[in-house]
1. Quickly rank 351-363, 323-335, 203-215, 111-123 as a protection proxy: mean count of other C-beta atoms within 10 Å, highest first.
2. Report the local net charge at Asn129: Lys and Arg +1, Asp and Glu -1, summed over other residues whose C-beta lies under 11 Å from its C-beta.
3. Under a point spin-label approximation (7 Å from Cα along Cα-to-Cβ), what is the Arg248-Arg45 distance to one decimal in nm?
4. May I ask you to derive the FRET efficiency for Glu366 and Lys306 from their Cβ-Cβ distance with R0 = 30 Å, giving the value to the nearest 0.05?
5. Counting only DSSP beta bridges with both residues in the chain, what percent are antiparallel, rounded to the nearest 5?
6. The list (1) 166; (2) 129; (3) 200 gives values of volume of the Cα convex hull per residue in Å³, and only one came from this structure; which label was calculated from it?
7. Which whole-number percent is the relative contact order of the chain (Cα, under 8 Å, 6+ apart)?
8. Residue separation times 0.36 nm, minus the C-alpha to C-alpha distance between Asn7 and Lys266: what's the value?
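Nothing in this text is a laboratory measurement; each read-out follows from the coordinates by a stated rule. Values in this document were obtained by computation on a predicted structure and should not be read as measured data. In this analysis, Cβ positions are derived from the backbone assuming ideal geometry, glycine residues included, and neighbour counts consider all displayed protein chains.
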Amino acid sequence: MNEKLLNQAASIHDLRKLAKSRIPGFAFDYLEGGCNNNLALETNRAALNAIRLQPCYLRPSGKLNLTSELFGKRYSAPFGIAPIGLSGVVWPNASIIHAKTAHEMNIPFILSSVATTSIEKAAAHAKENFWFQLYPPKDHNIRNDLLMRARNAGCKTLVVTIDVPSPSWRPKDIKNGLAVPPRISASSIFQSALRPRWSAATLKIGIPEFETLKPYLQGSKNLKETARLIRHTLREVVDETVIKQIRRDWPGNLVIKGILSVNDAKTAYHYGADGIIVSNHGGRQLDAAQSPVNVLPSIVKAVGDKLIVMTDSGVESGIDIGRYLACGAQMVFSGRAFMYGTGAFSVNGGHHTYAILYSELKQLLEQLHCNSISELPNYLAA
């Protein structure tokens, strides 16, 4: 771990504060915010805080194992980097920074369809740890082309997000003009001027674009037309029929993201999924949603012997990762934490975020006298 960076930020909370001081207000609001009244964000935090773990101090200690095997590949840690839309608006080249981190630290990285880095660029940096998150387009020709590009780039795991049947209502983003695509205004220009490091990095790299989707937006003449194409042409409501079609067309691992019920988990298995991500989209879609940690045990009980069960939403520490693992998850994804790190320390932020989360999780297992992440469910307090 980089001691100089550690002295500045020893927790994800520290990274958040540093990132806030470097990122324009409109971008930070987009990263941190939920939807509507932010109740789902509060639900995630309260639910994770309520999970208690019971140490077994007199149990013989053994060799600690934090690795996790998914789809025949062993990762160095049981956590990965979640997909983040508009990533380059929060910090220039953020997705490339995260892709490099994933490869070098040997953890999975999921690229969002609406990130500002292309499938090809991200895959070149993440290499064997590259996963692609798909918002299925209504145009099946575009969908098939995206699947072909992902396969050609070496992607073996496709993540289909199902919890965006309609755009979320995010008041701060609406007022800031940070929609899809973002609107440039006098206020956003002023906020950018207050963050010179962000502005300099953005000017050097260029205004962010939806690089993966760019080939399909050639007919758009302005920002409004681009927004219309993304919302109405490049996004389809995902139901059983769509999952069946994608399963038919995708030869690799298929993961369904956005599961919050046993019924949806069973349906995902029935239609050919290899894994699921139990998620409420980080509290950004349905403000009345349950926290994943509350529904995770029942989902694991129902399908854990048939599917790889993963999760995300609300992860702010290695302790939170341990809580999710104790409730039965095999892999835990975090988006905001890694973006806070990148906002705080730019190209060094991904590695530092990983180091904090790994160290906190390692200390948790050592404190519990738990030798393996697979044993964590035995340490849930009654």
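1. Highest mean packing first, the order is 323-335, 111-123, 351-363, 203-215.
2. Local net charge: +2.
3. Here the modelled spin labels are 4.6 nm apart.
4. 0.40
5. 10
6. (2)
7. 28
8. Result for the pair: 88.6 nm of gain on full extension.
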